[in-house]
Amino acid sequence: LVEVYQEIPVLLMSESLPAVEQATNETLELLGCGERIRLDDQSQALTSGAVKDSLEIWITDAQGYEAPYETYSGGEKFSIDIAFRDGLGQLIVARSGAADAPMLAIDEGWGTLDAEHIQAFAAVLRRVIESKRYSLVLAVSHIQEMIDTFPTKVVLCKRGGVSALEVPRG
């Protein structure tokens, strides 16, 4: 009986992977990255050749070259991570019967991006905000270009050792 229960998460994961993969790839397309993701829930052990349960993430770039997620740089992984989180979120929303995802939160992830990719990601965030895919997009940033992406800003200020939130006017 224990063996049966251990197999349930693997079976649930296996059944959900195509939907997560599709939603992630739709988000990657929205991001304009040129990459596609492939999720593989089983891999062969190199030493024994036995099949083991795992989740392997493979990325195919615009030129058709496929490589494991682990080989990508921090900046390259950032867009993939956002797309994957969005793919999981879209699956959860679809399965819950909700009309839309309540919130997308990003905390300082673009620190790994160069200036060109920051501009590209700011453009993507503007598209996500305009699409109304989420009822709220919350991002934490110290990078002015990212801050300027959002129509409404909340600023964390310290006064006399006490933190306070402010919504700047205009």
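General remarks:
- Residue list for region 84-107, filter: of a type in the set (Asp, Glu) and open to solvent by 60 Å² or more (accessible area, probe 1.4 Å): 100, 107
- The residues on offer are 143, 118, 147, and the sole one that is open to solvent by less than 60 Å² (accessible area, probe 1.4 Å), closer than 24 Å to residue 34 by Cα and modelled with pLDDT of 80 or more is 118.
- Taken over region 71-114, the criterion of being of a type in the set (Val, Ile, Thr) and in contact with a helix residue (DSSP H, G or I) (Cβ under 8 Å, 6 or more places away or on another chain) is satisfied by 80, 82, 106, 112.
- Residue in region 52-73 that is in contact with a Lys or Arg (Cβ under 6 Å, 6 or more places away or on another chain), surrounded by fewer than 11 Cβ atoms within 10 Å (Cβ to Cβ) and modelled with pLDDT under 75 present: no
- Within region 116-143, residues that are in contact (Cβ under 8 Å) with a residue 24 or more places away in the chain and farther than 13 Å from residue 79 by Cα reach partners that are β-branched (Val, Ile, Thr) and assigned to a loop (DSSP other than H, G, I, E, B) with beta carbons closer than 9 Å, at six or more positions or on different chains, in the pairs 138/154; 139/149; 141/149.
- Test: residue in region 160-167 that is open to solvent by 90 Å² or more (accessible area, probe 1.4 Å), of a type in the set (D, E, K, R) and over 18 Å from residue 80 (Cα atoms): no
The values are calculated or read from the model by the stated rules, or taken from the named source; none is laboratory data. From a predicted model like this one, the values you see are computed outputs, not experimental measurements. Glycine gets a Cβ as well: all are built from the backbone with ideal geometry, and neighbour counts include every protein chain shown. For accessibility, only protein heavy atoms count, side chains too; no ligands or nucleic acids. Shrake-Rupley method; radii C 1.70, N 1.55, O 1.52, S 1.80 Å.
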